[in-house]
1. Does A:LEU46 meet the test of being surrounded by fewer than 20 Cβ atoms within 10 Å (Cβ to Cβ), within 12 Å of chain B (Cβ to nearest Cβ) and closer than 26 Å to B:GLU56 by Cα?
2. Could you list, in sequence order, the residues of segment B:102-113 that are modelled with pLDDT of 95 or more, over 11 Å from the mean Cα position of the chain (by Cα) and not in a loop (DSSP other than H, G, I, E, B)?
3. Within segment A:31-45, can you find the residues that are touching a Gly at 6+ places or on another chain (Cβ under 9 Å) and more than 16 Å from B:TYR35 (Cα to Cα)?
4. I need the full set of residues from segment A:45-79 which are more than 29 Å from B:LEU90 (Cβ to Cβ) and touching a residue at least 40 places away in the same chain (Cβ under 8 Å), in order please.
5. If I go through segment A:28-43 residue by residue, how many of them are outside any strand (DSSP E or B), facing chain B (nearest Cβ under 7 Å) and buried (at least 16 other Cβ atoms within 10 Å of the Cβ)?
6. In segment B:37-80, what residues are aliphatic (A, V, I, L, M) and touching a Cys at 6+ places or on another chain (Cβ under 8 Å)?
7. Go through segment B:71-101 residue by residue and tally those that are out of contact with any Gly (no Cβ under 9 Å at 6 or more places or on another chain), part of a strand (DSSP E or B) and more than 14 Å from chain A (Cβ to nearest Cβ).
Amino acid sequence: AQSVTQPDIHITVSEGASLELRCNYSYGATPYLFWYVQSPGQGLQLLLKYFSGDTLVQGIKGFEAEFKRSQSSFNLRKPSVHWSDAAEYFCAVGAGGFKTIFGAGTRLFVKA
Amino acid sequence: DVKVTQSSRYLVKRTGEKVFLECVQDMDHENMFWYRQDPGLGLRLIYFSYDVKMKEKGDIPEGYSVSREKKERFSLILESASTNQTSMYLCASKHGTVQETQYFGPGTRLLVL
């Protein structure tokens, strides 16, 4: 069955430090992969997505993610975190047809 | 810009009440979704609709129903609210199928007493 695992429930990083949020998926075919961000009191917003081609994907707000088929991973990275990046981040996989499977989310805290 | 709006940001209802959550999108998307968001569980799909009057059950449809009479509007109905339906409810819409981006509303936080 398709699934998405985000191993870290929450992460705290200092402002200006680098960030990596982990995501592992289980899917039989070539996956369609997404990262969404949810700021406090808001709905989800797409950061980036991967379907095929270059395995390093650039997104909005300075985020990037790398697809590694051998590790079934799609980790999200940012070289320098800003206080405004504090939010909850969701990794998701397109499960065929209309469905999308979401991970449980990782809440990012940014300390000054 | 795509806009998905939800009728209420916060709702407080009593056990047994019938509850209507409304969602409207303005980008002529065929597909609309209702999710429930709970801490530690992420988003779970309740129902989705791929066309007017068409609906499909998601992963947790029990205790919910939906209505889509117009393309832009998708309603979630709690026939008889229960305390275990206290949650954040998110509506989303998208064009096309699996590879398309979903656009989310701001959510409705429902408290059932």
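The values are calculated or read from the model by the stated rules, or taken from the named source; none is laboratory data. It should be emphasised that the depicted structure is a prediction, and the values quoted were computed from it without experimental measurement. Ideal geometry is used to build each Cβ from the backbone, glycine not excepted, and the neighbour counts take in all protein chains shown.
1. Against the criterion (surrounded by fewer than 20 Cβ atoms within 10 Å (Cβ to Cβ), within 12 Å of chain B (Cβ to nearest Cβ) and closer than 26 Å to B:GLU56 by Cα), A:LEU46 qualifies.
2. Residues satisfying the conditions are B:ARG109, B:LEU110, B:LEU111, B:VAL112.
3. A:PRO31, A:TYR32, A:LEU33, A:PHE34, A:TRP35
4. If the condition is that a residue be more than 29 Å from B:LEU90 (Cβ to Cβ) and touching a residue at least 40 places away in the same chain (Cβ under 8 Å), then A:GLN71, A:PRO79 are the ones that fit.
5. Looking only at that region, the number is 1.
6. B:LEU76 - this is the single residue of segment B:37-80 that is aliphatic (A, V, I, L, M) and touching a Cys at 6+ places or on another chain (Cβ under 8 Å).
7. Adding up the residues that qualify gives 5.
Listed here are the residues, each with its yes/no results for (1) touching a helix residue (DSSP H, G or I) at 6+ places or on another chain (Cβ under 9 Å); (2) part of a loop (DSSP other than H, G, I, E, B); (3) at the interface with another protein chain (Cβ under 9 Å from one of its Cβ atoms); (4) at positive phi.
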position	(1), (2), (3), (4)
A:ASP54	no, yes, no, no
A:ALA65	no, no, no, no
A:SER70	no, no, no, no
A:ARG77	no, no, no, no
A:SER80	yes, yes, no, no
A:PHE90	no, no, yes, no
A:PHE98	no, yes, yes, no
